[in-house]
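Here is the structure we will look at.
What follows draws every value from the coordinates through simple rules; no lab data is involved. Predicted model, so just to flag it, every value in this text is computed and none were measured. Virtual Cβ from ideal backbone geometry, glycine too; neighbours counted across all protein chains shown.
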Amino acid sequence: MLRTKGVASGGLTLLDANYRRTDDQVIADAVRRSRTMPHHVVMGLRDIYLHHRSVKALPVLLRAYTDGDCACCRSQIVQAIVHCRVLPDQILKECQFDSYDDTRKLTRRLIARRGLAA
């Protein structure tokens, strides 16, 4: 579905229950072809990568982080990036100034844990 119809097909929801590491490339290709990051796509990516850890998820999650529409969704994408253990220091530092309180709280904990200067 993702290969033929893209992210609008609803295929991300199916992948959450049937995820395999080889799906990362299929997901990345579908996200790359998408011109927008609708809410359901961002939430689908969040679900997949909160349930399945992958170091290859960073480009896809960064796209959802930068192109997603709302601060709450962005916060949950940051949580998925953290779960996958691929959060770059640059994004972590940027999140200190996020408009969403939960993102800032998470950021403070992570900065302290990493021993970075705020």
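Some observations on this one:
- Cα-based helix-to-principal-axis angle, 39-51 vs the chain, degrees rounded to 10: 70
- Square roots of five times the Cα gyration tensor eigenvalues for segment 2-86, Å: 17, 15, 11
- The angle between the Cα long axis of helix 71-83 and the main principal axis of the chain comes to about 90°, on a 0 to 90 degree scale.
- Annotation: extensible slack from residue 112 through residue 69 equals 12.6 nm (criterion: 0.36 nm per residue apart, minus Cα-Cα distance).
- Farthest towards the positive end of the charge dipole of the chain, among the residues 71, 26, 9, is the Cα of 26, using unit charges on the Cβ of Lys, Arg, Asp and Glu.
- Distance between the modelled labels on residue 99 and residue 85, one decimal in nanometres: 3.4 nm (7 Å Cα→Cβ projection).
- Loop trypsin sites (Lys or Arg not before Pro), segment 59-97 (other Cβ atoms within 10 Å of the site Cβ: 15 or fewer; DSSP): 85
- Looking at segment 1-102, the chymotrypsin sites (Phe, Trp or Tyr not before Pro) that sit in a DSSP loop and have at most 11 other Cβ atoms within 10 Å of their own Cβ are 97.
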